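Contents: one structure, followed by commentary.
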Amino acid sequence: MEESITNIIGYLKKEFNLPDQDIKTYSPLTLAFIGDGIYDLVIRTIIVEKGNAPVNKLHKQVSNLVKAKAQMEIFHKIEGELTEEEMAVYKRGRNAKSFTTAKNASIAEYRQATGLEALMGYLYLTGGFERLVELVKFGLEEHK
């Protein structure tokens with residue numbers, strides 16, 4: 001199972017005839033774009049696998065964990081666990097100049113959330129899904 005999850009990018013590249021890319025050349029906002037989706041999918045999977053529930057309830061539980069403030073809090077929990085490379089990716093995302101802002105978050109919360117999303121995107125695109133899950137799990141430990 002582990003290998004199939006780690007190799008999802010390779011599988012998608014093969015099936016859709018996608019070229020290899022140097023992920024380090026991607027803008028931090030591109031990494032955050034894909035990272036937002038992957039992080040959301042991981043959180044949704046965790047919530048849904050805890051049991052069937054009305055969609056409104058599921059949405060509320062997911063929203064509480066994917067909003068900018070929650071992502072900022074998760075980053076602060078995992079910060080000490082990051083490698084130098086992971087921290088550099090996070091900082092690139094955090095410092096990126098975005099032309100959008102979150103409706104219900106401060107600029108600081110939004111930027112830190114963008115940094116976390118960039119890190120999630122980077123890990124996903126470089127085949128580090130296992131590490132991504134490890135960090136999310138560590139960050140959610142108090143949210144059980």
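The values are calculated or read from the model by the stated rules, or taken from the named source; none is laboratory data. As the structure is a computational prediction, the values presented were derived from the model and not from experiment. All Cβ positions, glycine included, derive from the backbone under ideal geometry; neighbour counts span all protein chains shown.
Residues in region 102-111 that are without any contact (Cβ under 8 Å) to a residue 40 or more places away in the chain and surrounded by 13 or more Cβ atoms within 10 Å (Cβ to Cβ): Ala102, Ala105, Ser106, Arg111. Does Tyr122 meet the test of being crowded, with 20+ Cβ neighbours inside 10 Å, hydroxyl-bearing (Ser, Thr, Tyr), in contact with a Ser or Thr (Cβ under 6 Å, 6 or more places away or on another chain) and closer than 16 Å to Asp36 by Cα? Criteria not met by Tyr122.
When Lys13, Lys60 are checked against the criterion of being farther than 19 Å from Ala102 by Cβ and among the charged types (D, E, K, R), a single residue qualifies: Lys13. Can you find, within region 1-41, the residue that is surrounded by the most Cβ atoms within 10 Å (Cβ to Cβ) among those that are among the aliphatic types (A, V, I, L, M) and touching a Phe, Trp or Tyr at 6+ places or on another chain (Cβ under 9 Å)? If we take residues in region 1-41 being among the aliphatic types (A, V, I, L, M) and touching a Phe, Trp or Tyr at 6+ places or on another chain (Cβ under 9 Å), then Leu31 is surrounded by the most Cβ atoms within 10 Å (Cβ to Cβ). Within region 5-33, residues that are closer than 27 Å to Arg111 by Cβ and polar (S, T, N, Q) reach partners that are assigned to a helix (DSSP H, G or I) and at pLDDT 95 or above with beta carbons closer than 8 Å, at six or more positions or on different chains, in the pairs Thr30/Gly121.
Yes/no matrix, rows are residues, columns are (1) at negative phi; (2) in a helix (DSSP H, G or I); (3) more than 14 Å from the chain's Cα centre (by Cα); (4) modelled with pLDDT of 95 or more:
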| site | (1), (2), (3), (4) |
| --- | --- |
| Ala53 | yes, no, yes, no |
| Gln61 | yes, yes, yes, no |
| Glu86 | yes, yes, no, yes |
| Thr101 | yes, no, yes, no |
| Arg111 | yes, yes, no, no |
| Leu119 | yes, yes, no, yes |
| Tyr122 | yes, yes, no, yes |
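From the list Leu140, Leu58, Leu119, the lone residue that is of a type in the set (A, V, I, L, M) and under 19 Å from Ile23 (Cβ atoms) is Leu119.
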